[in-house]
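As C-alpha cells, the structure follows; a few thoughts come after it.
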Amino acid sequence: MVRRSQSSNPRSTVVLTSGTDWGTRAAGQRRASGAEVPVPRRQPAKIKALHQALGLARAAINRKNWNAARYALSRARAVANALPADVAVQEREQLSALRKKYAARDTPAARAARQAKGTPVKRTGGGGKKAASKPTAQQAPARKAVRTLTPKPAPVRELGDRLIDRASLGYAPRDEAGGRPV
C-alpha cells in the first residue's frame, strides 16, 4: 500500500492505493527539456547561462550521456533564442556544432567507428608491467571498414549485338497488306 496524499494537513483524506494506477499517472508526464527552466532577465545573466549550458552539453556529449546532452542543448537553444541575434555569435556557432555532434550520435559512420575501436585491453593488477600495446596491423582494417561503407556502383553489363525489330517499335515504314517492314 502506498500513501497518495502529499498534504501535511492531518485532516485531509488519505487514499491508499496498491500502485495499480501508476502507469496511467506516469503516462501524463512528459520528459523535461531545458526549455522549461526560466531564462534570466538581464543580458549578462543570459550569456552566463548560455555558457553554462554549452559546457554541460559538451561534457555530456563527450561522455555519451545523451539524455543530459539533449537537456543541455535545449536549454542552450532557449537561452540563445532569448538573446538578440547580434549577441553571442560565437556561442551560437558552438551550439550549432554541438547539435551536429549530438545528431551524429547514432549514424552508421558513428557505429562503424565504435565497432572499429573494439574493447580496450584489460590490465591485470600487480607487477608494475605495462600491457602490451596493440600492433598497428589491427589499425588498418578499421580504416578499411570505414571505406567499405560507401556503396560501389553496379557493374555495367555488356549486352552485345542485339537485333531490334524497328518496325514493331514503329520506326520503319510498313507495307499496307501484312504490316511487315518494307
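The values are calculated or read from the model by the stated rules, or taken from the named source; none is laboratory data. Just so it is clear, the model here is predicted, and its values are computed rather than measured. Backbone-built Cβ (ideal geometry, glycine too); neighbour counts: all protein chains shown. To get the accessible areas, we keep the full protein, side chains included, count just its heavy atoms, and leave off ligands, DNA and RNA. Shrake-Rupley method; radii C 1.70, N 1.55, O 1.52, S 1.80 Å.
Just a yes or no: is a residue in segment 48-63 assigned to a loop (DSSP other than H, G, I, E, B) and either at pLDDT 85 or above or not aliphatic (A, V, I, L, M) (or both)? Within segment 48-63, one or more residues are assigned to a loop (DSSP other than H, G, I, E, B) and either at pLDDT 85 or above or not aliphatic (A, V, I, L, M) (or both).
Filtering segment 62-82 to residues that are open to solvent by 10 Å² or more (accessible area, probe 1.4 Å) and in contact (Cβ under 8 Å) with a residue 40 or more places away in the chain leaves 64, 74, 75, 77, 78, 82. Summed over segment 96-114, the residues that are within 17 Å of residue 63 (Cα to Cα) and touching a residue at least 24 places away in the same chain (Cβ under 8 Å) give a count of 6.
Of the residues making up segment 64-76, those that are over 17 Å from residue 45 (Cβ atoms) and part of a helix (DSSP H, G or I) number 9.
Kindly state which helices (runs of 4 or more DSSP H) lie completely within segment 80-182 and contain at least 2 residues that are modelled with pLDDT of 75 or more.
Working: elements: 89-103, 108-117, 139-147.
Result: 89-103, 108-117.
Within segment 68-95, the residues that satisfy the criterion of being closer than 14 Å to residue 58 by Cβ and among the charged types (D, E, K, R) are 70, 75, 91, 93. In summary, residue 39 fulfils each of the numbered conditions (1) at pLDDT below 70; (2) not in a helix (DSSP H, G or I) with the single exception of condition (1).
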